[in-house]
Amino acid sequence: MNAEIDRQLHHRTIRAFTTQEIPATTIDTLVDVARHTATSEFLQAFSVISITDPQLKTAIAQISKQPYVANNGHLFIFIADQHRNAIIGAEMNQPENKVGGANKFLAALADATLAVQNTVVAAESMGLGAVVLGSILNDAQQIIDLLHLPELTFPVLGLAIGYPDQEPQYKPRLPKKFMHFENGYQLPEPIVPQLKAYDAEVHDYYDLREANRRVDTFTNQVKRSLLNVPEKRAQLLTILHQQGFLIEDDH
């Protein structure tokens, strides 16, 4: 055990930030951390956009349905980006490419996601809190329009950081036996009865965090999520195609 592992084992999502301004040097450092993330084939197929325009932050907060996105702190949007590599190829007299295929999209998606996590770890080591925002995909097309994203790019995750103005409890995680296997997938079944103690732990977590609101269990959350696809998220595949992604490699 060391300080870094202890920090990661006690990670908490922070959704409330103080009004303390984050120095520009800190933002630059975090961007440098993102830039130095491991990357598939060294293609560095992601980009990071800092959102500094208050009106733009408000618009993204409305898409996310998370008001805290517009309040204080700093907002990053991480982009899967094969556009840059396509342009490089065209300028080097290689106009044809397969960067819209599933292989290259998944590589760009992984690059962007890894960069987000590296940035979170770095931010927390500097005394900042962070919240990762998958909710920007509530309206991916509007994000694309707001940020003027070209073909062969796609918004993956948002990341809001700032100085914490809350101390939330640690959210309990699934027991290891449901997530870590050896030499193959070995999920213990039946699952639900074996999750009874974990459900109780999650129920207590929500009860303590939000005593005046509905409490919940993990298995109930999973059950509800199985058919829950917000209307505009159902359009994601179409939008990916419009952005030039997930095009069959032999087309």
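Details
- Just one of the listed residues (F76, F42) is surrounded by fewer than 18 Cβ atoms within 10 Å (Cβ to Cβ), within 26 Å of A108 (Cβ to Cβ) and modelled with pLDDT of 95 or more, and it is F42.
- Single match in I88, I143, I136 (criterion: surrounded by fewer than 19 Cβ atoms within 10 Å (Cβ to Cβ) and among the β-branched types (V, I, T)): I88
- Residue in the stretch 146-159 that is surrounded by fewer than 11 Cβ atoms within 10 Å (Cβ to Cβ), assigned by TED's automatic domain parsing to the domain that holds S50 and in a loop (DSSP other than H, G, I, E, B) present: yes
- Total residues in the stretch 165-201, condition aliphatic (A, V, I, L, M) and at pLDDT below 95: 1
- Filtered residues of the stretch 1-30 (kept if aliphatic (A, V, I, L, M) and in contact (Cβ under 8 Å) with a residue 60 or more places away in the chain): I14, A16, I22, L30
- Per-region count, the stretch 6-52, residues in a helix (DSSP H, G or I), under 18 Å from the mean Cα position of the chain (by Cα) and basic (K, R): 1
- Per the conditions (1) among the hydrophobic types (A, V, I, L, M, F, W, C); (2) in contact with a strand residue (DSSP E or B) (Cβ under 7 Å, 6 or more places away or on another chain); (3) on the phi > 0 side of the Ramachandran plot, the sole criterion not satisfied by A140 is (3).
- Of the criteria (1) within 20 Å of G244 (Cα to Cα); (2) surrounded by 12 or more Cβ atoms within 10 Å (Cβ to Cβ), which one V33 fails: (1)
- Applying a threshold of 7 Å to beta carbon distances and a minimum spacing of six or more residues, or different chains, the list of pairs starting in the stretch 223-239 at a residue that is touching a residue at least 24 places away in the same chain (Cβ under 8 Å) and ending at one that is of a type in the set (G, A, S) reads L236/A140; I239/A140.
- If you go through the stretch 50-60 and keep only what is under 16 Å from S135 (Cα atoms) and either at pLDDT below 95 or surrounded by fewer than 17 Cβ atoms within 10 Å (Cβ to Cβ) (or both), you end up with L56, T58.
- Being touching a helix residue (DSSP H, G or I) at 6+ places or on another chain (Cβ under 8 Å) and either without any contact (Cβ under 8 Å) to a residue 24 or more places away in the chain or not in a helix (DSSP H, G or I) (or both) is a property that does not hold for F181.
- Considering residues of the stretch 160-174 that are part of a strand (DSSP E or B) and hydrophobic (A, V, I, L, M, F, W, C) only, the residue surrounded by the fewest Cβ atoms within 10 Å (Cβ to Cβ): I161
- Boolean, F105 is touching a strand residue (DSSP E or B) at 6+ places or on another chain (Cβ under 9 Å), of a type outside the set (S, T, Y) and crowded, with 23+ Cβ neighbours inside 10 Å: no
The values are calculated or read from the model by the stated rules, or taken from the named source; none is laboratory data. Computed from a predicted model, the values in this text were never measured in an experiment. Every residue, glycine as well, gets a Cβ built from its backbone with ideal geometry; the counts of neighbours run over all protein chains shown.
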